[in-house]
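Colleague: Got a structure here, written out as structure tokens. Questions coming.
The values are calculated or read from the model by the stated rules, or taken from the named source; none is laboratory data. Just so it is clear, the structure is predicted and the values come from calculations on it, not from any experiment. All Cβ positions, glycine included, derive from the backbone under ideal geometry; neighbour counts span all protein chains shown.
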Amino acid sequence: MKKPFNYFFLILFVALFNCGKTERVDTESVKDAMKSREIKKVSDAEIIEKGLKKGKEDFRLLLECINKNQQKSRSYAQCLIPERSSMIDTLKIFIPGSSPGDFKKVEKELIEAYQYTFSQNQSLHPNIQDLDNDLILYTAPFFTSAADGKFYEEETKDEKPQSFGIAFIFYSKRQLILDL
């Protein structure tokens, strides 16, 4: 008599827990999620191109924010909107007249190269470098005007810039690849 009673409870238990609400799976979203997790073959050129594009956009936004808020301190990272700053590993600014004392070796070398180029009256241009397996460095010069003290992305044709600074934007290579 106990065996049928045990079977009854077993069937009741299974029925209670297996016959609950069934949710439909959105197959399109599952396919999209699987596709986004697919391994992609990405060339170094594509990563550098993406870093250059992001660097130009972020640099432009950074200068606009600095000029708008007249922030001349080292808290420049707050100028970038959160979605953009998640890609940025580090942001450093070399301000005209400051000492490059707390910069790393590669940054000091770039500062020296930009300073030499500026002293030779040659034009300064943005630069991008693949530092190691983890970081891409985007550097861009900005210029100050004696007239208004604001920072400009390019040299003005009217007057020779008073001085220049450099923005160092370090991107996580992993984040750049995920954004491709």
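Colleague: Is at least one residue of segment 102-119 more than 14 Å from Phe59 (Cα to Cα), touching a Ser or Thr at 6+ places or on another chain (Cβ under 6 Å), of a type in the set (Ser, Thr, Tyr) and surrounded by fewer than 19 Cβ atoms within 10 Å (Cβ to Cβ)?
Modeller: There is no residue in segment 102-119 that is more than 14 Å from Phe59 (Cα to Cα), touching a Ser or Thr at 6+ places or on another chain (Cβ under 6 Å), of a type in the set (Ser, Thr, Tyr) and surrounded by fewer than 19 Cβ atoms within 10 Å (Cβ to Cβ).
To keep it simple, each residue is scored yes or no on (1) part of a strand (DSSP E or B); (2) at pLDDT 85 or above.
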residue	(1), (2)
Leu10	no, no
Lys21	no, no
Lys56	no, yes
Leu63	no, no
Leu91	yes, no
Leu110	no, yes
Tyr116	no, yes
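Colleague: Any residue in segment 119-142 that is closer than 18 Å to Phe94 by Cβ and touching a residue at least 12 places away in the same chain (Cβ under 8 Å) sitting within a Cβ distance under 8 Å of a residue that is of a type in the set (Gly, Ala, Ser) and outside any strand (DSSP E or B)? List the pairs, counting only those 6 or more apart or interchain.
Modeller: Close Cβ pairs satisfying both conditions: Pro126/Gly55; Ile128/Gly51; Ile128/Gly55; Tyr138/Gly51; Tyr138/Gly55; Ala140/Gly55.
Colleague: Return the residue satisfying two criteria in turn: it lies in segment 34-50 and is at pLDDT below 80 and not in a loop (DSSP other than H, G, I, E, B), and of such residues it is nearest to Pro126 (Cα to Cα).
Modeller: Here is the first cut: in segment 34-50, the residues at pLDDT below 80 are 35-40.
Filter again for not in a loop (DSSP other than H, G, I, E, B), leaving 35-36.
Values: Lys35: 35, Ser36: 32 Å.
Checking each candidate, the answer is Ser36.
Colleague: Pull up segment 146-180, narrow it to residues that are in contact with a helix residue (DSSP H, G or I) (Cβ under 8 Å, 6 or more places away or on another chain) and part of a helix (DSSP H, G or I), then point me to the one that is modelled with the highest pLDDT. Let's see the steps before the verdict.
Modeller: We begin by selecting, within segment 146-180, every residue in contact with a helix residue (DSSP H, G or I) (Cβ under 8 Å, 6 or more places away or on another chain); these are 150-153, 164, 166-169, 171, 173, 176-177, 179-180.
Now restrict to residues that are part of a helix (DSSP H, G or I): 173, 176-177, 179.
Details: Lys173: 88, Leu176: 85, Ile177: 83, Asp179: 79.
Residue satisfying both the conditions and the ranking: Lys173.
Colleague: Quick one: in segment 67-76, which of the residues that are surrounded by 13 or more Cβ atoms within 10 Å (Cβ to Cβ) and at pLDDT below 65 is nearest to Leu131 (Cα to Cα)?
Modeller: In the first step, residues of segment 67-76 are kept if they are surrounded by 13 or more Cβ atoms within 10 Å (Cβ to Cβ); the result is 67, 71, 76.
Okay, now just the ones that are also at pLDDT below 65, so 71, 76.
Details: Gln71: 29, Tyr76: 22 Å.
Here the answer is Tyr76.
Colleague: Quick check, is Lys104 at pLDDT 80 or above, within 16 Å of the chain's Cα centre (by Cα) and of a type in the set (D, E, K, R)?
Modeller: No; evaluated as a whole, the condition is false for this residue.
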